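Novice: I have a structure here, written as structure tokens, and I will follow up with some questions on it.
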Amino acid sequence: MDISLDDKEVFRNFQNGEVNAYEQLFNTYYEALSHFAMRYLGDPDQAEEVVQELFVNLWEKRSQLQINSSIKSYLFGAIRNNCLQWLKKQKVRDHYQEEVLATRKDPHFEDLDVMVELELSEKINAIISSLPEQRQRIFKMSRFEDKKYQEIADELSLSIKTVENQMGKALKTLRSELQEYLPLLMLILWEWTKK
């Protein structure tokens with residue numbers, strides 16, 4: 001199915017960096033894509049996060065995008081792929097988490113485990129402290145205060161797209177700076193959010 005004339009115009013405007021076109025795509029497809037992602041992930045918050053990350057990535061890479069099918073088909077296909085990728089990573093994280101938790105029960109590894117966690121916690125805190133003030137605040141509100149993007153946007157008088165963009169950049173910085181610790185990083189962030 002070819003892109004319709006209306007879709008072509010919206011997509012062209014989107015590629016040219018017009019925020020109105022971005023908002024139009026977001027408002028048209030966000031809810032449907034979130035429901036679609038929910039069918040794969042079973043978690044509404046995670047489904048929304050996958051969709052939000054997709055829109056952030058689309059905006060960042062808008063000038064390089066090539067869409068030959070309909071925009072709708074492209075978006076739903078991208079969400080399907082992202083969900084499957086997330087589930088695959090989740091299996092690896094769950095496996096690693098089981099190994100870490102099992103290792104904690106072994107007294108021979110207990111001291112090493114505590115040392116690694118302390119070292120990683122210090123690095124995480126240092127990286128978060130080095131983020132720009134607004135990005136740092138948004139990250140802390142999301143990850144440590146367990147607030148949804150809309151709540152953060154309302155509280156800080158920002159658009160939800162700004163919150164999504166800032167969170168995406170903060171997470172990208174953490175993943176980049178802590179690549180060697182990534183599996184343990186996921187575990188520690190998960191534990192922090194439970195406190």
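Novice: Can you pull out the residues in region 127-165 that are free of Cβ contacts under 8 Å to residues at least 60 places away in the same chain and either in the same structural domain as residue 44 (by TED's automatic domain parsing) or not in a helix (DSSP H, G or I) (or both)?
Specialist: Of everything in region 127-165, those that are free of Cβ contacts under 8 Å to residues at least 60 places away in the same chain and either in the same structural domain as residue 44 (by TED's automatic domain parsing) or not in a helix (DSSP H, G or I) (or both) turn out to be 131, 132, 144, 145, 146, 147, 157, 158, 159.
Novice: For region 146-154, check the following and say yes or no: at least one residue is surrounded by 16 or more Cβ atoms within 10 Å (Cβ to Cβ), small (Gly, Ala, Ser), within 29 Å of residue 17 (Cα to Cα) and at pLDDT below 90. Step through it out loud before you land on a result.
Specialist: Quick first cut of region 146-154, residues surrounded by 16 or more Cβ atoms within 10 Å (Cβ to Cβ) only: 147, 149, 152-153.
This time we only want the ones that are small (Gly, Ala, Ser), so: 153.
Within this subset, residues satisfying the condition of being within 29 Å of residue 17 (Cα to Cα) are 153.
With the extra rule that they be at pLDDT below 90, the set shrinks to none.
Checking region 146-154: not a single residue is surrounded by 16 or more Cβ atoms within 10 Å (Cβ to Cβ), small (Gly, Ala, Ser), within 29 Å of residue 17 (Cα to Cα) and at pLDDT below 90.
The values are calculated or read from the model by the stated rules, or taken from the named source; none is laboratory data. Since the structure is predicted, the reported quantities are computational estimates derived from the model, not experimental observations. A quick note on method: Cβ atoms are made from the backbone with ideal geometry, for glycine too, and the neighbour counts reach across all protein chains shown.
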